1. Name the longest site-free stretch of the chain, where the excluded sites are GluC sites (Glu not before Pro) in a DSSP loop with no more than 15 other beta-carbon atoms within 10 Å.
2. Measure nothing fancy, just the Cα-based angle from helix 186-203's long axis to the longest principal axis of the chain, in degrees from 0 to 90, nearest 10.
3. Once you order the gyration tensor axes a ≥ b ≥ c over the Cα atoms, which shape class does region 157-294 get: rounded for a/c under 1.5, otherwise prolate or oblate by comparing a/b with b/c?
4. Karplus couplings for region 241-255 from phi (6.51 cos²θ - 1.76 cosθ + 1.60, θ = phi - 60°), rounded to Hz, Gly and Pro as x?
5. Per the 1.4 Å probe, what fraction of the accessible area of the chain, in percent, lies on carbon and sulfur atoms?
6. Provide the per-residue ³J(HN,Hα) series for region 214-224, in order, calculated from phi with Karplus coefficients 6.51, -1.76, 1.60 and θ = phi - 60°, each as a whole number of Hz, with x at glycine and proline positions.
7. Would you mind giving the average projected area, over all directions, of the Cα convex hull of region 48-87 in nm² with one decimal?
8. Run lengths n ≥ 4 of DSSP H only: what is the helix-derived mean residue ellipticity at 222 nm for the chain, with -39500 (n - 2.57) per run over all residues, to the nearest 500?
Amino acid sequence: MIRVASAAWPIDRHPDWASYSAKLEAWVAEAAGNGAQLLVFPEYGNMELAALLDPEVALDAAAQVEPLAAMASDVANLHAELAQRHKVHILAGSMVERDERGSIVNRARIFGPEGGMGHQDKLILTMWERTHWTIAPGAPQVTLFDLGFAKVGVIICYDSEFPAAAQALAAAGADILLIPSCTDSLAGYWRVRIGAMARALEAQCFTVQSPTVGAAPWSAVVDINVGAAGIFAPPDLGMPADGVIALGEMDKPGWTYADLDLDALAELRRNGAVRGPVHWGEQPQAPPLQLQVR
């Protein structure tokens, strides 16, 4: 069994770095104390650090990009230290960072208890990100992270509404897909949740959705946050009939935990009622189309 913890992370207004650091430390300590081995924080979870900037900059989506990107190394160092101290794996809340091409991207970093670190960038930008901001999509690649006890992929928010990344990760052996999200409406939350459940079904893996929650009117980026943490499975052999393993309360901050049985997942893949990945190749590349007129 693997215990995962999915955060419904409230966007708080911090007066200083020490306040942010203390919040993160308390959350990690709580989850680790409850036996979690893998902690998942949401998309743009670390954008609450805009509270440390001038108030006018925090209310300007474009102006805050560069100063927040400059904080990325300090944020990474804090998460790395916490992962090693508490002997857990942590998917940090994503934030803007400058990538290897020199572009500003939405990057989620993952940290291990032995000092390992990796990252996944958001591949497909939402309409808001395309029209209101100055960030770029990540380089078109996905990474499979071998945590020792499981193989994990990261699909950031809107990316979960498309099948290609999940299918590539599943074909490479992913057991769990982590889906950090940030949505400002109930419809947006449900789009990502439906995507998370669809990816669990088609890829025959577990998915973990972690949202931002709460109002932050002082922020131009994470001002409204709606969602619930959820952990999902294929609705098949040995799994819940509705595919829901665990579900937090809507808009309520806190951890949602689940114990994931990879042996049961392997059995489902062998003997389940459906065999999605095995049958992917039977899909025609371009299904025949007929147009009928009456």
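1. Values: sites that count: E100, E114, E249.
Formally, the longest exposed-site-free interval is 115-248.
2. It is inclined by approximately 50 degrees.
3. Working: a/c = 2.35, a/b = 1.33, b/c = 1.77.
Oblate, since a/c reaches 1.5 and b/c is not below a/b.
4. Computed from phi, the couplings for region 241-255 are 5, 9, x, 9, 7, 8, 8, x, 7, 4, 6, 9, x, x, 8 Hz.
5. Working: 6980 of 12820 Å².
Its accessible area is 54 percent carbon and sulfur atoms.
6. So the J values, rounded to whole Hz, are x, 9, 9, x, 7, 10, 7, 9, 10, 6, 10.
7. On the way: hull surface 11.9 nm².
Result: a mean projected hull area of 3.0 nm².
8. Working: 9 runs with 87 residues, N = 294.
Roughly -8500 deg cm²/dmol at 222 nm, from the helical runs in the chain.
The values are calculated or read from the model by the stated rules, or taken from the named source; none is laboratory data. Because the structure is predicted, anything quoted here is derived from the model rather than measured. No Cβ is skipped: glycine too gets one built from the backbone with ideal geometry, and neighbour counts run over all protein chains shown. Surface areas here come from the heavy atoms of the whole protein model, side chains and all, with no ligands, DNA or RNA. Shrake-Rupley method; radii C 1.70, N 1.55, O 1.52, S 1.80 Å.
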